[in-house]
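See structure below.
The values are calculated or read from the model by the stated rules, or taken from the named source; none is laboratory data. Because the structure is a prediction, the values reported are computed rather than measured. We place every Cβ from the backbone using ideal geometry, glycine too, and count neighbours over all the protein chains shown. Heads up: the accessible areas ignore ligands, DNA and RNA and are worked out on the full protein's heavy atoms, side chains in. Shrake-Rupley method; radii C 1.70, N 1.55, O 1.52, S 1.80 Å.
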Amino acid sequence: MSDALDATPYDALLLLSFGGPEGPDDVVPFLENVTRGRGIPKERLKEVGQHYFLFGGVSPINDQNRALLDALRKDFAEHGLDLPVYWGNRNWAPYLTDTLREIVADGRRRVLVLATSAYASYSGCRQYRENLADSLAELAAEGLELPRVDKLRHYFNHPGFLGPMIDGVLASLADLPEDVRAGAHLAFTTHSIPTASADTSGPVETHGEGGAYVEEHLDVAELIAAAVRERTGVDHPWRLVYQSRSGAPQIPWLEPDICDHLEALHGAGVPAVVMAPIGFVSDHMEVLYDLDTEATAKAAELGLPVRRSATVGDDPRFAAAIRELVLERAAAESGRDVAPCALGALGASHDLCPAGCCPARAPRPAAAGADSPYA
């Protein structure tokens, strides 16, 4: 094997995701896992679970992760990268702790983690690192030898992540009626989070209004809009908007909401909109419900033509990007020269989350960072 395909010192890749119910009986237990410690009554969870019951009580995220696993394994095999790929979830089977226990039993000692979140934020990065620390603590309590765990850098501006999204926007524009296509606006959507969390996202030096979370999404939106302009010759107006708010109404969250934005665009005479969910790796429940169901219904009510572009999912270019990120990190850890691949104004993000990066509301140990208790 050539040095270019040498993953040393790593001997495993762990796909770490959110998890989701796979049947009606799973919905409330899954939501109890997600909201553990918040004291939310079961009756309220049943109300929240209606989104899942509309789809038979099944979240698509687990099948989407299975498809991504297949794509990664296929890409690795085709390129001669001998690196086993495991999968663990935060909130549903296969659970992270069980997967790490399997990794240890298989004799793996140096693990790279791919989180299904491309951007910096507490819920998209540090919370996964806290989950890793919790699971490693459980394994330590069982007397198991702990593997060293590192996390792949944020990949929001990697060409293999951007390319499929650009093609998705172009396909959605082409699918609009010809008489409204040129005047269509682009609504780049991502998960709304509390403004306090956004303002402290990323390393300390990026903290401020919106923090790294907003900055990274704006960079991606600009890159996609520029690529669309280059490919079509049309400069489509765009805005970063938000969806899937779930917090108490008195707590400020990032705005505007996609449905409010659609109303504003319609009021301004915009003839059509493409909704591009750049904040999501796959078409999971928040895309299917908040965009394909709720926002699409709002657009129909307004008489506003809309299309929703595809997420990256298991696109082969994304699988190839992960391979490149694995080899990039392996080279850096081995002391070999490496040129990180990234587009846009922000460049490649940090390999190791520094202290103070995306802080939690209450301090908790987090693995795979400069402040990790597991070196």
| Per the 1.4 Å probe, what fraction of the accessible area of region 56-129, in percent, lies on carbon and sulfur atoms? | 49
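Evaluate E = 1/(1 + (r/R0)^6) for residue 73 and residue 355, where r is the Cβ-Cβ distance and R0 equals 35 Å; express this FRET efficiency to the nearest 0.05.
Values: r = 35 Å, r/R0 = 1.00.
So, using R0 = 35 Å, E works out to roughly 0.50.
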| field | the chain: most fluctuating residue of 39, 247, 335 per GNM, C-alpha cutoff 10 Å | value | 39
| Which is farthest toward the positive dipole end of the chain among 77, 355, 94, measuring Cα position about the Cα centre, with Cβ charges +1 (Lys, Arg) and -1 (Asp, Glu)? | 355
| request: Starting from the Cα gyration tensor of region 53-97, take the square roots of the eigenvalues, sort them a ≥ b ≥ c, and report rounded, prolate or oblate (rounded when a/c is under 1.5, otherwise prolate if a/b is larger than b/c, else oblate). | output: oblate
| Taking the simple approach of a point 7 Å from Cα along Cα-to-Cβ for both residue 145 and residue 175, what is their distance in nm? | 5.1
| Using the heavy atoms of the protein chains alone and a 1.4 angstrom probe, what is the accessible area of the chain per residue in square angstrom? | 42
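By how many nm would the segment from residue 362 to residue 234 grow when fully extended, if each residue of separation counts as 0.36 nm and the alpha-carbon distance is taken off?
Values: separation 128, 0.36 × 128 = 46.08 nm, distance 4.73 nm.
41.4 nm is the gain from fully extending residue 362 to residue 234.
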| Against the longest principal axis of the chain, how steep is helix 96-105, in degrees 0 to 90 to the nearest 10, with axes from Cα atoms? | 30
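If N is the number of residues in the chain, what value comes out of its Cα radius of gyration divided by 2.2 N^0.38 Å? Please list the in-between numbers first.
Working: Rg = 20.6 Å, N = 375, 2.2 N^0.38 = 20.9 Å.
For the chain, the normalised Cα radius of gyration is 0.99.
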| field | Centroid-to-centroid separation of region 30-75 and region 100-174 [C-alpha atoms, Å] | value | 18
| What Rg and what Dmax come out for region 1-135 when only alpha-carbon atoms are used, in angstroms? | 16.9, 57
| task | Pop a pseudo-label 7 angstrom from the Cα along the beta-carbon direction at both residue 205 and residue 123 and give the gap in nm to one decimal. | result | 2.9
| said: Nearest 5 percent is fine: what portion of the DSSP beta bridges confined to the chain is antiparallel? | reply: 5
| message | Given points 7 Å out from each Cα along the Cα-Cβ axis, report the residue 102 to residue 40 separation in nanometres with one decimal. | response | 2.7
| request: Have a look at 274, 28, 149 and tell me which one the Gaussian network model of the chain (Cα, springs below 10 Å) gives the largest fluctuation. | output: 28
| request: Select from 238, 154, 195 the residue farthest towards the positive end of the dipole of the chain; place +1 on Cβ of Lys and Arg, -1 on Cβ of Asp and Glu, and compute about the Cα centre. | output: 195
| query | Could you name the aspartates and glutamates in cross-link range of residue 74, using Cα to Cα under 15 Å and dropping any fewer than eight places away on the same chain? | reply | 82, 314, 315, 324
| Paired Rg and Dmax values of region 178-309, which use every Cα atom, in angstrom | 15.1, 47
| query | How far is helix 316-333 tilted, in degrees, relative to the longest principal axis of the Cα atoms in the chain, given as a value from 0 to 90 rounded to the nearest 10? | reply | 40
| lysines whose Cα lies under 25 Å from that of residue 46, excluding same-chain neighbours fewer than 8 positions away | 298
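Where does the chain land at 222 nm, in deg cm²/dmol rounded to the nearest 500, when only DSSP H runs of n ≥ 4 count, each adding -39500 (n - 2.57), divided by all residues?
-12000 deg cm²/dmol
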| field | the chain - charge dipole about Cα centre, Lys and Arg +1 at Cβ, Asp and Glu -1, debye rounded to 20 | value | 480
| note | Check: C-alpha center region 252-284 vs C-alpha center region 311-375, spacing in Å is 29
| query | How large is Rg over Rh for region 71-167, taking Rg from the Cα atoms and Rh as the Kirkwood inverse mean of 1/r across Cα pairs? | reply | 1.00
| field | Surface share of carbon and sulfur [accessible, 1.4 angstrom probe, percent] for region 230-375 | value | 52
